[in-house]
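Single-structure report; data block below.
Values quoted throughout were computed directly from the atomic coordinates according to the rules given, and no laboratory measurement underlies them. These figures come from a predicted structure and were not determined experimentally. Ideal geometry is used to build each Cβ from the backbone, glycine not excepted, and the neighbour counts take in all protein chains shown.
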Amino acid sequence: PPPPLICIPTTAGTGADVSQFAIINDTARKVKIAIISKKIVPDIALIDPEPLTTLTPELTAHTGMDALTHSVEAYVSNASSPVTDIHALESIQLMKAYLPLAVEHPKKLEWRYQTMLGSLLAGLAFSNASLGAVHAMAHSLGGLSDLPHGECNALLLEHVMEFNYEVCPGRYESIGRALGVEIEGLDREERKNHVLGAVRRMREDMGITERLGDLGVSKADLPRLASTAIRDPCLATNPRKATQRDLERIYEKAL
């Protein structure tokens, strides 16, 4: 066991203040390595929104999309439970309602508090249900290119959701409802398009409009990215089994 650990989060994103996950960035090998252990869960977390008021709008959006991705992946994870579901859906509702406001008004403490709470709930969800292909791919992408982790998640999320959708459409429809999407009376394909569209619009409305190709990723990078992502432990709880070729195709859609 490590010495006593007190964490004070300075973004509404990672959930490191309550989770059993830590990421080591190996800059020599250009990979990110996930450590998952109950021993690194903090003894105390001081959840205070005030440090968030110094974040730029861009970093607010990136880290907030990380929190949203935590909840989406935890909710569809094959290790989810009724308890993690409650945390995940409430987090999605909070991030949808307050993250755009915090991006637009960085000094507004009440909206920062709500995103802090959303990040906390997301951390409780994914620490117990784990994650999925978005994070496996984002870890690989961030390790190779040093792009911001939250931005990687934001650009990959809708494409992984599209890949997974057929194996758990009801789960994604619940996520859509938490995002405020009206899907009643629509057929399955229309529901899917509405849910994916809500995620895409949310990130675009906050200024995350680039594609991976705009950020320096090329088609030649995809085999290496996929070969690293396929070994990431987060992939074990993705609801649909993915091959290395599947991951390459998802990266290519995000180019």
Aspartates and glutamates with Cα under 13 Å of Lys30, excluding same-chain neighbours fewer than 8 positions away:
Asp146, Asp221
Suppose R0 equals 51 Å; then what is the FRET efficiency for Thr53 and Arg240 from their Cβ-Cβ distance, rounded to the nearest 0.05?
0.80
Need the full-extension length gain, Asn25 to Lys219, defined as separation in residues times 0.36 nm minus the C-alpha distance. One decimal, nm.
67.5 nm
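Take the eigenvalues of the Cα gyration tensor for the chain, scale each by 5, and report the square roots as semi-axes in whole Å, largest first.
One finds semi-axes of 24, 23, 19 Å for the chain.
Please give the length that would be gained between Arg177 and Asn78 if that part of the chain were fully extended, namely 0.36 nm times their separation in residues minus their C-alpha to C-alpha distance (nm, one decimal).
33.6 nm
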Multiply the residue gap between Asn193 and Ile8 by 0.36 nm, knock off their C-alpha separation, and tell me the result in nm, one decimal place.
62.8 nm
What are the equivalent ellipsoid semi-axes of region 131-199, built from the alpha-carbon gyration tensor (square roots of five times its eigenvalues), in whole angstrom, biggest first?
26, 11, 9
To make sure I understand, if each residue's beta carbon is the centre and we count other beta carbons within 10 Å, what order do Thr228, Thr209, Thr60 fall in, fewest to most?
Thr209, Thr228, Thr60
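Over 25 Å between Cα atoms, which of Lys107/Lys192; Lys38/Lys108; Lys192/Lys241; Lys192/Lys253; Lys32/Lys241 qualify? Could you put the intermediate results ahead of the total?
Details: Lys107/Lys192 36 Å; Lys38/Lys108 34 Å; Lys192/Lys241 20 Å; Lys192/Lys253 17 Å; Lys32/Lys241 21 Å.
Going by Cα-Cα distance, Lys107/Lys192; Lys38/Lys108 fall outside the 25 Å limit.
Could you please rank Asp214, Asp66, Asp17, Asp205, placing first whichever residue has the fewest other Cβ atoms within 10 Å of its Cβ? Mind showing how you got there, number by number?
Numbers: Asp214 10, Asp66 28, Asp17 21, Asp205 14.
With the sparsest Cβ surroundings first, the list reads Asp214, Asp205, Asp17, Asp66.
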Centre separation in Å (Cα based) which lies between region 1-78 and region 204-255
21 Å
Excluding residues on the same chain fewer than 8 positions from Lys39, give the aspartates and glutamates whose Cα lies under 14 Å from its Cα.
Asp17
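Compute the FRET efficiency between Ala97 and Ala34 as 1/(1 + (r/R0)^6), taking r as their Cβ-Cβ distance and R0 = 30 Å, and round to the nearest 0.05. Could the numbers behind the result be given before it?
On the way: r = 30 Å, r/R0 = 1.00.
Step by step, r from the Cβ atoms, then E = 0.50.
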